[in-house]
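Reviewing the structure listed below.
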Amino acid sequence: MRLCLTNPDHGYYAGGKDPLGTSGDFITSPEISQMFGELIGIWFVTQWMAQKKPSHYNLIELGPGRGTLLDDALRAIQAFPACAQALKRIHLIESSSTLRELQARKLCKVGSLRLGDDNLWRGSGNLGCPVTWHEDLKTLKREESDVPFVIAHEFFDALPIHKFERTCEGWRELLVDSCSKTLHSIPASPSTSTGISASAFQLVRAKGPTPTSIAITNSSPRYQSLPIGSRFECSPDTFAITRDLSQRIKAGGAVLIVDYGPEKTIPIDTLRGIRKHKIVSPFETPGTTDLSADVDFQGIKEVALDEKCDVYGPIEQGVWLQTLGIGARAEQLKASQSTVQGCHRIEIGQKRLVESNHGSMGKAYKFMSILRKDSPIPVGFGGDIQD
Ligand SMILES: C[S@@+](CC[C@H](N)C(=O)[O-])C[C@H]1O[C@@H](n2cnc3c(N)ncnc32)[C@H](O)[C@@H]1O
């Protein structure tokens, strides 16, 4: 999954194309309506206020896509000049050079993108603060005085997973193998089982324990209580990044995660390919098909609690956006439209973000926030604005 998505030569996100939008493979909430990013920007303002208005903070986005979410969030933050002035740096975690270019075009002054001696790309942000790109969090140095406000929207679902099955002999890892061998193949997920026979790859059960199956199945009591025949998926990268972020907000800051995945249970058979807005086999044309798996929100919570942080959510996107005031913002935007089509477009966007019917995102996507211990309950998760 890692190779297929981020290999610098052949990975899905390394290719020269923009995967987002109607002509790409998928569409995301910020691309549907500006209200999504704006309300996330407002949420960061409420956190800045709740944390006694620190004089400096950084914004970090993991997997910023076209930069649309951040662009909209920054516009909302600008409506609060003291909060906008306290923003000192923007850090973007992005593995795709194509998307990095698009992000720079949206967020930085024209022609300001440069490769530094430390091999990091930098630009001068439209609001005046510097923007730095990192291929992963490891190159983003930790300063004790840092106050990072972090957003990860549809990032964790793109991180590689491992998959396991509990047999009478113990836990076995499910591995990807070539179809040329006559082994018993296992559908990667029920919804994609028909596509698998046409592909060159299949899932097979390891004959004995693997180092990964031993390490992961013993890593949480949640796995140990599962009965024989159970399967589950686990993304160690997700947990490592959650631990890293939880440690970074010890002196203040906040993490906001938005993604899809079950509210209470462990993801089971969710690995899928996404191509031209359709779910396909994850084994179809590796490197040109997007791959995704449900996010394990309870696993993220377990790690953040272990780091002595407070965790709120997961809460459905529709509920969160309504609490943050999407209804009022939609009315405001409609009032500024000069055409019926303009108003209609805003209504359609609002419905798609909030409603739970097929094709809408209000129920499937969830919001979760990680804050340092003993923080007030955040807005959108049951708390009130603290000023
Ligand atoms: C599904 S897109 C979401 C984009 C954006 N957040 C949005 O909602 O429009 C995933 C984003 O994460 C980036 N990405 C995926 N895997 C990554 C990884 N392992 N490291 C850094 N960035 C990654 C992709 O290049 C892309 O920007």
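The values are calculated or read from the model by the stated rules, or taken from the named source; none is laboratory data. For clarity, every value in this text was computed on a predicted model and none was experimentally measured. Note: ideal-geometry Cβ built from the backbone for every residue, glycine included; neighbour counts use all protein chains shown. With ligands, DNA and RNA removed, areas are computed over all heavy atoms of the protein, side chains included. Shrake-Rupley method; radii C 1.70, N 1.55, O 1.52, S 1.80 Å.
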(request) Identify all residues within region 47-66 that are in a loop (DSSP other than H, G, I, E, B) and within 15 Å of the ligand (Cβ to nearest atom); write none if there are none. (result) 63, 64, 65, 66
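I'd like the full set of residues that are away from the ligand (no atom under 16 Å from the Cβ) and open to solvent by 10 Å² or more (accessible area, probe 1.4 Å), limited to region 130-162. Outline the logic, then answer.
First, the residues of region 130-162 that are away from the ligand (no atom under 16 Å from the Cβ): 130, 141-148.
Hits for region 130-162 are 130, 141, 142, 143, 144, 145, 146, 147.
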(message) Looking only at residues that are farther than 13 Å from residue 289 by Cβ and assigned to a helix (DSSP H, G or I) in region 1-20, which one is modelled with the lowest pLDDT?
(response) 6
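Would you say residue 314 is within 16 Å of the ligand (Cβ to nearest atom) and either modelled with pLDDT of 95 or more or buried (at least 18 other Cβ atoms within 10 Å of the Cβ) (or both)?
On the way: within 16 Å of the ligand (Cβ to nearest atom): no; either modelled with pLDDT of 95 or more or buried (at least 18 other Cβ atoms within 10 Å of the Cβ) (or both): yes.
Here the answer is no, as residue 314 does not meet what is asked.
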(message) When you check residue 53 against the structure, is it on the phi > 0 side of the Ramachandran plot and either at pLDDT 95 or above or within 19 Å of the chain's Cα centre (by Cα) (or both), yes or no?
(response) yes
(request) Mind listing just one residue for me: the one in region 262-307 that is in a strand (DSSP E or B) and of a type in the set (Gly, Ala, Ser) and, of those, surrounded by the fewest Cβ atoms within 10 Å (Cβ to Cβ)? (result) 292
(request) Evaluate the following for residue 9: is it within 21 Å of residue 93 (Cα to Cα), open to solvent by 10 Å² or more (accessible area, probe 1.4 Å) and without any contact (Cβ under 8 Å) to a residue 12 or more places away in the chain? (result) yes
(request) Go through (1) on the phi < 0 side of the Ramachandran plot; (2) out of contact with any strand residue (DSSP E or B) (no Cβ under 6 Å at 6 or more places or on another chain); (3) more than 11 Å from the ligand (Cβ to nearest atom); (4) open to solvent by 10 Å² or more (accessible area, probe 1.4 Å) and name the single condition residue 91 misses. (result) (2)
(message) Let me spell it out: the conditions are (1) closer than 22 Å to residue 256 by Cα; (2) crowded, with 19+ Cβ neighbours inside 10 Å, and residue 25 meets all of them except one. Which number is the exception?
(response) (1)
(request) Inspect all residues belonging to region 67-83 and state whether any of them is within 11 Å of the ligand (Cβ to nearest atom) and not in a helix (DSSP H, G or I). (result) yes
(request) Any residue in region 21-46 that's assigned to a strand (DSSP E or B): show its pairings with residues that are open to solvent by 10 Å² or more (accessible area, probe 1.4 Å) at Cβ separation under 6 Å, as long as the two are six or more apart or on different chains. (result) 26/274
(message) From the list 356, 338, exactly one residue is under 30 Å from residue 239 (Cβ atoms) and in a loop (DSSP other than H, G, I, E, B). Which is it?
(response) 356
(request) Taking residue 344 as meeting all but one of (1) of a type outside the set (A, V, I, L, M, F, W, C); (2) in a helix (DSSP H, G or I); (3) more than 20 Å from residue 21 (Cα to Cα), write down the number of the exception. (result) (3)
